[in-house]
1. Mind running the shape call on the range 78-133? Use the C-alpha gyration tensor, a ≥ b ≥ c as the square roots of the eigenvalues: rounded below 1.5 for a/c, prolate if a/b tops b/c, oblate otherwise.
2. What is the gain in length, in nm to one decimal, between K122 and E58 on full extension, counting 0.36 nm per residue of separation less the C-alpha to C-alpha distance?
3. According to a simple spin-label model (label point 7 Å from Cα along Cα-to-Cβ), what is the distance in nm between L130 and T173?
4. With θ taken as phi - 60° and the coefficients 6.51, -1.76 and 1.60, list the Karplus ³J(HN,Hα) couplings across the range 125-131 in order, rounded to whole Hz; mark glycine and proline as x.
5. For A163, which sequence-distant residues (separation of 5 or more, or a different chain) have an amide H within less than 5 Å of its own amide H, given hydrogens modelled in the peptide plane?
6. For Q273 and A257 in one chain, what is 0.36 nm times their gap in residues minus the Cα-Cα distance, to one decimal in nm?
7. Modelled label-to-label distance, D147 and F187, 7 Å Cα→beta-carbon offset: nm?
8. Could you state the number of Å between the C-alpha centres of the range 1-45 and the range 186-230?
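All of the numbers you see were taken from the coordinates with simple rules; none came from a lab. This one's a predicted model, so the numbers in the text were calculated from it and none came from an experiment. Every residue, glycine among them, receives a Cβ derived from its backbone with ideal geometry; neighbour counts consider all protein chains shown.
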Amino acid sequence: MRHEKAQSLLHLARVLAGSAEGLTLDEMAEVAGTGRRTVERMRDALEQLFPQLECIEEPPSKRYRMTAGLDGLFQAPTAEELVALGTTAEAMRNAGHHDRAAALTSIETKVRASMRSSALRKLVPDMEALLHAETVAVQAGPRPFEDEAVLATVRHAVKAMRALRFAYDGGSTPGRIREVAPLGLIFGRTNYLVAAELETTEPKSWRLDRIRELTLLDRPAPPPEDFSLSAFAGRSFGVFHGDADDVVLRVRPHGAADALGWRFHSNQQVASQPDGSVLVSFRASGMLELAWHLFTWGDKVEIIAPAKLRSLMVSELQKALSAHQSHAGPPLPV
């Protein structure tokens, strides 16, 4: 068996061992990046190598899973994987995401503790070399609010499908008491609780740093069956939700290479033009955040649509120009 085939087979075995429900042959083919006939041969090979592979009959299909997991011999991490885990935790910690950084650090500790000391000693030289050669750049921006008690309460409410009550120092009526059905958390430059007020079905974003007196209620609050947190987040350019607009941007030729490697939005469509420019189109809300982002592109981007985004961009630029011109000193020598 070629080295690449052995790696692919072991990767599939690990995924099966990590799945509680198991995978169908089509799902296994997607994991392995192969066709149906190839994955059938891989399944046959797994049955020979791992007697614990179980077939679950779910007509009209079958699901496969590793009921007893895999032996530690097949689970030893590489130096690159351990270093990636550590540097990601450090990057989150530097960005203010202390809760998730602590979770990653805990996972790293558990992985190290599960390894044989001889295997760990072999990895140490490579890990030290990579730690000295890799780092994560710290981005400028607000430090997100992360209160462990708040996050723990929200997560418990989501798992238990129970309602929350809190005072919210935001919106049109600051300090008003809200009772909501929690739907999830969105982490980013600012962290948000996504929830729908009771007796409504429309989800909203609530800034965690503006929530106080958070209380878990003894009241069921299951999420709507058709709700998708990723779809909700994808409706906006950032996190501000409102009426969505069709956005069309023209990236001029001197910015085309950057645009082809950039993701403006999850549902974007990108088309290269004969003159060397690039058209980027997507549908989203959050025009103010989009205007702030487009400022960083300088003269590389033209706003084609919507007109209100173009007007908003001009207005924001005029505000910034006015603030700086009013305090401008004598021109600096060239």
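1. Details: a/c = 3.69, a/b = 1.53, b/c = 2.41.
Oblate, because a/c is 1.5 or more while a/b does not exceed b/c.
2. Numbers: separation 64, 0.36 × 64 = 23.04 nm, distance 4.44 nm.
Extending this stretch completely gives an extra 18.6 nm.
3. About 5.4 nm separates the two model spin labels.
4. Working through the residues one at a time gives x, 5, 5, 5, 5, 5, 5 Hz.
5. So A163 has HN proximity to L217, R219, A221.
6. Values: separation 16, 0.36 × 16 = 5.76 nm, distance 1.24 nm.
Net length gain for the segment: 4.5 nm.
7. Those two pseudo-labels are separated by 1.9 nm.
8. Comparing the Cα centres of the range 186-230 and the range 1-45, I get a distance of 38 Å.
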